[in-house]
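J.: Structure provided below as structure tokens; questions to follow.
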Amino acid sequence: MFCGTYNKVDMKPADYKSEVPVVWCPGCGHYGILNAIYRALAGAGVDPSQLICISGIGCSSRTPYFLHSYKMHTLHGRAGPVATGAQLARSDLTVMVLGGDGDGFSIGGGHMPHMARKNCNLTYVLFDNGIYGLTKGQYSPTSRPEMKAYTTPYGGPELPMNPLLYMLTYGATYVAQGFAGKPSVCADLIKGGLEHQGFAYINIYSQCPSFNSMDTVESYREMVEPIPKEHDVTDLGSAMALAYDSGRGRAPMGLLYQVSRPTLDERMEAIIQGVGGRADYDINRIIDQYRP
Ligand SMILES: Cc1ncc(C[n+]2csc(CCOP(=O)(O)OP(=O)(O)O)c2C)c(N)n1
């Protein structure tokens, strides 16, 4: 019972809305992503009682509150390892991580390559607004170099990182990019991630009208280009070529890459069966073997 083989239910997008009021600033792109998540969950037919949404800290990390699901609002940057553990403990659940570029790539950056290389069976939606929104506008790893923010009053001294290239490099098996101003496209990409068996990473550009004056709805709209239909999503080289250009004035929108590879939970199960099954996989018995 892994993602992709769960029992589908017939639900409407509105059925995934929780009773918690959404508290983002007017015009925030995160509304578009939330809307896309509701639609994706309904499209994929995920049972809310089988769904766990995990986040760190940030405006985007508040998203699980607005969803009808189980949830864990963890520490800043630590959603990934918590989600990995939850997925291994309960491989029958659908696991989502929802959070921002600061949470995922600054403080949480050390965890990202490991989720990708392990092929953790979960869907990670990264709300990429190129700024720390919750803490009112500090430079993030995806900020444009010329960005003037509270922590970079004269512009930033660093090159931005490239999330798509990073995820492809470390072995993510589903890599896609969307833009909050195109919720239908995002909904399809997130649905594809939910139905994918393995680590699905969806980078979504999101405007922050309160603290990022450089990346506006208009600038994103000009920047994103739908991925050509003839692109072969199983070709890593072509996906990397598309990803390489991302964030340099133009950005691919759509599914860059999707392949099948055994997931972490599948491989762990195989190891457990290899040592005689769960009944014999008793950690205390294993420790006892090493006692003097
Ligand atoms: C250990 C720790 N360090 C720093 C913070 C302060 N902090 C809270 S959210 C955040 C960044 C949020 O930015 P991002 O993840 O991009 O999300 P956004 O608010 O833009 O959606 C920071 C630095 C914290 N809560 N905990």
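Just so it is clear, none of the values below were taken in a lab; they were calculated from the coordinates. For clarity, every value in this text was computed on a predicted model and none was experimentally measured. Don't worry about glycine lacking a Cβ; one is built from the backbone with ideal geometry, like all the others, and counts go over all protein chains shown.
J.: With springs connecting C-alpha atoms under 10 Å apart, model the chain as a Gaussian network and identify which of G198, G247, G27 has the largest mean-square fluctuation.
T.: Result: G27 has the largest fluctuation of those listed.
J.: Place a point 7 Å from Cα of D232 in the direction of its Cβ. Which residues in the stretch 186-203 have their backbone N less than 17 Å from it?
T.: Output list for this probe position: empty.
J.: Would you list D15, D10 from fewest to most Cβ contacts within 10 Å?
T.: Details: D15 13, D10 7.
So the residues, fewest neighbours to most, are D10, D15.
J.: Would you grab the residues whose amide H sits under 5 Å from the one on D128? Only those 5+ places off in sequence or on another chain, please, with H modelled 1.01 Å from N.
T.: I204, Y205, S206
J.: Here's a follow-up. With +1 on each Lys and Arg Cβ and -1 on each Asp and Glu Cβ, how big is the dipole of the chain about its Cα centre, in debye rounded to the nearest 20?
T.: Value, rounded to 20: 400 debye.
J.: What are the lysines whose alpha-carbon lies under 26 Å from the alpha-carbon of K229, with same-chain residues fewer than 8 places away excluded?
T.: Answer for K229, where 26 Å is the Cα cut-off: K182, K191, listed by chain and number.
J.: First select every other residue whose beta carbon is under 15 angstrom from the beta carbon of E19; then total the charges, Lys and Arg +1, Asp and Glu -1. Write out the running numbers ahead of the final one.
T.: Details: positive: K17, R62, K71; negative: D15.
Once positives and negatives cancel, what remains is +2.
J.: Continuing with this model, one more query. Is it possible to state the helix-based mean residue ellipticity at 222 nm for the chain, with each DSSP H run of 4+ residues giving -39500 (n - 2.57), the sum divided by total residues, to the nearest 500 deg cm²/dmol? What is it? Intermediate results must be reported in sequence, preceding the final value.
T.: Values: 9 runs with 87 residues, N = 292.
So the helix-based figure for the chain works out to -8500 deg cm²/dmol.
J.: Tabulate in residue order the Karplus-calculated ³J(HN,Hα) for the stretch 57-64, using 6.51 cos²θ - 1.76 cosθ + 1.60 with θ = phi - 60°, rounded to whole Hz; enter x for Gly and Pro.
T.: Values, residue by residue: 10, x, 4, 5, 6, 7, 3, x Hz.
J.: Springs between alpha-carbon pairs under 10 angstrom, Gaussian network model over the chain: which of I54, I272, I131 fluctuates most?
T.: Among I54, I272, I131, the largest GNM mean-square fluctuation belongs to I272.
J.: Just how many % of Cα pairs in the stretch 77-141 lie over 19 Å apart, if you round to the nearest whole percent?
T.: Details: 649 of 2080 pairs.
So the pairs more than 19 Å apart make up 31 percent of the total in the stretch 77-141.
J.: When the expected Rg is taken as 2.2 N^0.38 Å, what fraction or multiple of it is the alpha-carbon Rg of the chain?
T.: Numbers: Rg = 19.2 Å, N = 292, 2.2 N^0.38 = 19.0 Å.
Dividing the Cα radius of gyration by 2.2 N^0.38 Å gives 1.01.
J.: Right, something else. Antiparallel versus total DSSP beta bridges in the stretch 1-100: what percent is that, nearest 5?
T.: Working: 1 of 9 bridges.
Antiparallel bridges make up about 10 percent of those DSSP assigns within the stretch 1-100.
J.: At what distance in angstrom do the alpha carbon centres of the stretch 45-111 and the stretch 210-262 lie from each other?
T.: 23 Å
J.: Something else: Could you work out how far helix 264-274 tilts from the main Cα principal axis of the chain, as a 0 to 90 degree angle to the nearest 10?
T.: Taking Cα atoms only, the helix is inclined about 10 degrees.
J.: Normalise the Debye intensity by I(0) for the stretch 83-215, one equal point scatterer per Cα, no solvent, then take log10 at q = 0.09, 0.17, 0.22 Å⁻¹ and round to two decimals.
T.: -0.27, -0.88, -1.28
J.: I'd like the orientation of helix 30-44 relative to the chain: the angle between its Cα long axis and the longest Cα principal axis, in ° from 0 to 90, rounded to 10.
T.: The two axes meet at around 40 degrees.
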